[in-house]
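What follows is one structure encoded as structure tokens, with my remarks underneath.
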Amino acid sequence: ILNTDMARHFNLVANFDKMSRGRTTYECCANRNLRNQIVSMVVHCADISNPVKPWPVCRKFADSVAEEFRRQVRLEKKSGVPCTPHMLGLNQKGQAKMELGFIDVFTWPAMVALNEVLPNLEGCFQNMERNRDAWQEVLDNPQISSRTSSRSDLSG
């Protein structure tokens, strides 16, 4: 469960990178501590993996998360509780901006670190790049987001 706590993200990725840097996959897997770090990193990357999925799956899940955040903001306002800042303003452009930030700050760096030890994640990176382009298109042109969500060339 600790490996899915986003408060630990930066330390987890930095420690993983530091422990595995300059070592081969074999060396990492042969070392019990490093094997445990690999498992932790795989669990964490799985938890933040929505951006590496094909666009239709990525978009559907992201829409669900954004709706959950919007619902939370409504409840916070209704209860007179301060609203969680990153959950505010999630219209089409706001959601696209949030997703781009999530890819750039969290998913991409974590996948790069994992790929150093467990290579062959090219398909994940291809999907992530396509999804990033699609979110950028939504940000630049929110009125076409319904077209973007069904573009077959982004289904990776």
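The values are calculated or read from the model by the stated rules, or taken from the named source; none is laboratory data. Predicted model, so just to flag it, every value in this text is computed and none were measured. Here the Cβ is made from the backbone with ideal geometry for all residues, glycine too, and neighbour counts use every protein chain on show. In case anyone asks, the SASA skips ligands and DNA or RNA and just uses the protein heavy atoms, side chains included. Shrake-Rupley method; radii C 1.70, N 1.55, O 1.52, S 1.80 Å.
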So, first residue within 17 Å of Ala66 (Cβ to Cβ) and outside any helix (DSSP H, G or I) in segment 76-94, second residue among the polar types (S, T, N, Q) and modelled with pLDDT of 90 or more, Cβ within less than 8 Å, six or more apart or across chains; the pairs are Thr84/Gln72
Answer from Asp47, Asp5 - the residue that is within 14 Å of the chain's Cα centre (by Cα), modelled with pLDDT under 90 and open to solvent by 60 Å² or more (accessible area, probe 1.4 Å) | Asp5
Among residues of segment 109-156 being basic (Lys, Arg) and at pLDDT 95 or above, the residue nearest to Ala96 (Cα to Cα) is Arg132
Only residues in segment 35-53 that are over 13 Å from Thr4 (Cβ atoms) count as the first member; pair them with residues that are aromatic (Phe, Trp, Tyr) and surrounded by 19 or more Cβ atoms within 10 Å (Cβ to Cβ), Cβ under 6 angstrom, at least 6 apart or cross-chain, and list the lot.
-> Gln37/Phe16
